[in-house]
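The values are calculated or read from the model by the stated rules, or taken from the named source; none is laboratory data. A quick note: this is a predicted structure, and the numbers were derived from the prediction, not measured. Here Cβ is always computed from backbone atoms with ideal geometry, including for glycine, and neighbour counts include all displayed protein chains.
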Amino acid sequence: MGAARRLEAHGASALLLESSSRLGGRAYTQDLGGYPLDFGCEWLHSGDRNAWVGIAEASGFPVDRGEPPWAKAHPSIAEEEDGQEAAQRAYGNWEERLRTVVTGNDRASDALEPGGTWNAYVRAIAGFMSGVAPEEISATDYLAYDDASTGLNWHLPLGYGTLVAASLPSSTILRLATPAERIDTTADGVSVTTRAGVVRAGAAILTVSTAVLAGDAIRLPPGIAPWREAAAALPLGRNEKVFLEIGRDAAFEPDSHAYGNLNDPRAAAYSIRPNGWPVIEAFLGGDGARIVEEEGPAAGFAFVSAELAALFGTNVASAIRPLAATSWSRMASVGGAYSCALPGQSQARAQLARPFEDRLFFAGEATHPFDFTTAHGAHDSGQRAADEAMAALRDRHRLGRPGPFAAAAARGDR
């Protein structure tokens, strides 16, 4: 979307090849019972510098600048407050120790306190943030995001996915359910092979997930191995959501938050009655999301229901029922949540963002140097790639090798 909007602003013709039957990728709002629930990205992180805020306001989408629900613990579980504060302090201490790990082997797990009481909590939060266990997290990469974040998290009541899907410029040609199968460079640009035929353009911007890029779903030109290796060094973590509907009156405080078992690395974070809706959203990361990936939605529902019963009492079971669950890791066109650099591999983001032969350009959250894992990082990377593509096309034209002044954006996740 970021690439398409930038190309339109400069008068370049663009074709968007979308592998899915809908727009948005991991920005996906599903209306269930009249409630616009975000299955993927949900929060306008670093809201004061997030490009989607300006896009939303220019498009008439309301932006909620209030405190996020995790700032308001549910009052009925206040007895856990001391433990929660201790666990949060332990997490903060872990983050501080990451700075010493950077100069060593860069493995975030080395910052864990040996035998620490709250290591399971740290693992769970790391799973929320990065989708993987600390053993698989580059401390350098983690801190790059953390240091750049402004800490302002705003909300779109109509859904992040709704906004993203509505933001495609009218001048962009769209072909849904048209995955790219092969991309070749040509004398005057690129050719993209799809089931519907071959598209030729001056340049292509590739925004598939690192899981797709590192795999063999798309045949790419010879010499692309360094880009595939960079993608493999930025694997997607696991993050899933489980939604439950509150079926009868229950003592759930609206717009509040709860956290599962502080001593279980699989624990979920619960957004309770967001916007006052009779819904509970359970967010699972890392080991918790693995339950949904490996055992399916029913196992996810069972796990979060048991956690909620432990938090609110066993009678809560009769007040909630399954509503929906995500399956990002099982989707071939996505393959997980968002990227996390492996220890010692933070430089892979810059390597992946390099143009290939001034014909093929790379965008997506994984290519952003510090706003990775976010929809605004993905958007901004698309603008950067579009600028690179247009500059390459202008240079080619000046050198007397004119090609079609167009860009084909082939994508599979965002």
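Considering only residues that are in a loop (DSSP other than H, G, I, E, B) and of a type in the set (Lys, Arg), which ones fall in the range 25-51?
26
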Applying the selection to the range 24-41, what residues are out of contact with any Gly (no Cβ under 9 Å at 6 or more places or on another chain) and either buried (at least 16 other Cβ atoms within 10 Å of the Cβ) or aromatic (Phe, Trp, Tyr) (or both)?
-> 35
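What number of residues within the range 369-400 satisfy the criterion of being out of contact with any helix residue (DSSP H, G or I) (no Cβ under 9 Å at 6 or more places or on another chain), part of a helix (DSSP H, G or I) and free of Cβ contacts under 8 Å to residues at least 40 places away in the same chain? Give the derivation first.
Of all residues in the range 369-400, those out of contact with any helix residue (DSSP H, G or I) (no Cβ under 9 Å at 6 or more places or on another chain) come to 388, 391-400.
Still in the running and part of a helix (DSSP H, G or I): 388, 391-398.
Pick out the ones that are also free of Cβ contacts under 8 Å to residues at least 40 places away in the same chain and you get 388, 391, 394-395, 397-398.
So the answer is 6.
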Residue list for the range 313-358, filter: on the phi > 0 side of the Ramachandran plot, over 21 Å from the mean Cα position of the chain (by Cα) and not acidic (Asp, Glu) | 313, 344
Top-ranked residue in the range 56-69 [being modelled with pLDDT under 95 and closer than 27 Å to residue 1 by Cβ; ranked as surrounded by the fewest Cβ atoms within 10 Å (Cβ to Cβ)] | 66
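Within the range 219-228, how many residues are touching a helix residue (DSSP H, G or I) at 6+ places or on another chain (Cβ under 8 Å) and of a type outside the set (A, V, I, L, M, F, W, C)?
2
Tally up the residues in the range 171-193 that are under 22 Å from residue 8 (Cβ atoms) and touching a strand residue (DSSP E or B) at 6+ places or on another chain (Cβ under 6 Å), please.
Within the range 171-193, the subset under 22 Å from residue 8 (Cβ atoms) is 171-176, 178, 180, 189-190, 192.
Imposing the further condition that a residue be touching a strand residue (DSSP E or B) at 6+ places or on another chain (Cβ under 6 Å) reduces the set to 172-176, 178, 180, 189-190, 192.
Qualifying residue count, the range 171-193: 10.
Residues checked against (1) at pLDDT below 95; (2) assigned by TED's automatic domain parsing to the domain that holds residue 259; (3) touching a Phe, Trp or Tyr at 6+ places or on another chain (Cβ under 9 Å); (4) under 16 Å from residue 233 (Cα atoms):
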site: 114; (1), (2), (3), (4): no, yes, no, no
site: 117; (1), (2), (3), (4): no, yes, no, no
site: 121; (1), (2), (3), (4): no, yes, yes, no
site: 130; (1), (2), (3), (4): no, yes, yes, yes
Starting from residues that are free of Cβ contacts under 8 Å to residues at least 60 places away in the same chain and not in a loop (DSSP other than H, G, I, E, B), keep the ones in the range 342-368 and report whichever is surrounded by the fewest Cβ atoms within 10 Å (Cβ to Cβ).
-> 350
Of 32, 16, the only residue that is modelled with pLDDT under 95 and in contact with a Leu (Cβ under 7 Å, 6 or more places away or on another chain) is 32
Of the numbered conditions (1) within 27 Å of residue 325 (Cα to Cα); (2) surrounded by fewer than 15 Cβ atoms within 10 Å (Cβ to Cβ), residue 113 satisfies every one except a single condition; which is it?
-> (1)
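State whether the residues of the range 193-202 include one that is touching a Phe, Trp or Tyr at 6+ places or on another chain (Cβ under 8 Å) and outside any helix (DSSP H, G or I). First the steps, then the outcome.
Of the residues in the range 193-202, the ones touching a Phe, Trp or Tyr at 6+ places or on another chain (Cβ under 8 Å) are 202.
The next check asks that each one be outside any helix (DSSP H, G or I); those that pass are 202.
Checking the range 193-202: at least one residue is touching a Phe, Trp or Tyr at 6+ places or on another chain (Cβ under 8 Å) and outside any helix (DSSP H, G or I).
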Restricting to the range 160-218, what's the tally of residues that are β-branched (Val, Ile, Thr), touching a helix residue (DSSP H, G or I) at 6+ places or on another chain (Cβ under 9 Å), surrounded by fewer than 23 Cβ atoms within 10 Å (Cβ to Cβ) and farther than 30 Å from residue 59 by Cα?
-> 1
Quickly run through the range 84-113 and pick out the residues that are of a type in the set (Val, Ile, Thr), in contact (Cβ under 8 Å) with a residue 12 or more places away in the chain and assigned to a helix (DSSP H, G or I).
-> 101
Considering the range 262-297, residues that are farther than 22 Å from residue 120 by Cβ and small (Gly, Ala, Ser), and then whichever is surrounded by the fewest Cβ atoms within 10 Å (Cβ to Cβ), we arrive at 276
When you scan the range 290-332, how many residues do you find that are farther than 20 Å from residue 39 by Cα, touching an Asp or Glu at 6+ places or on another chain (Cβ under 9 Å) and part of a helix (DSSP H, G or I)?
-> 2
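Of everything in the range 1-24, what is in contact (Cβ under 8 Å) with a residue 12 or more places away in the chain, part of a loop (DSSP other than H, G, I, E, B) and out of contact with any helix residue (DSSP H, G or I) (no Cβ under 8 Å at 6 or more places or on another chain)? Give them in sequence order. Write out each step before concluding.
In the first step, residues of the range 1-24 are kept if they are in contact (Cβ under 8 Å) with a residue 12 or more places away in the chain; the result is 1-8, 10, 12-24.
Keeping just the survivors that are part of a loop (DSSP other than H, G, I, E, B) gives 1, 10, 12, 19-24.
Answer for the range 1-24, where residues must be in contact (Cβ under 8 Å) with a residue 12 or more places away in the chain, part of a loop (DSSP other than H, G, I, E, B) and out of contact with any helix residue (DSSP H, G or I) (no Cβ under 8 Å at 6 or more places or on another chain): 19, 20, 21.
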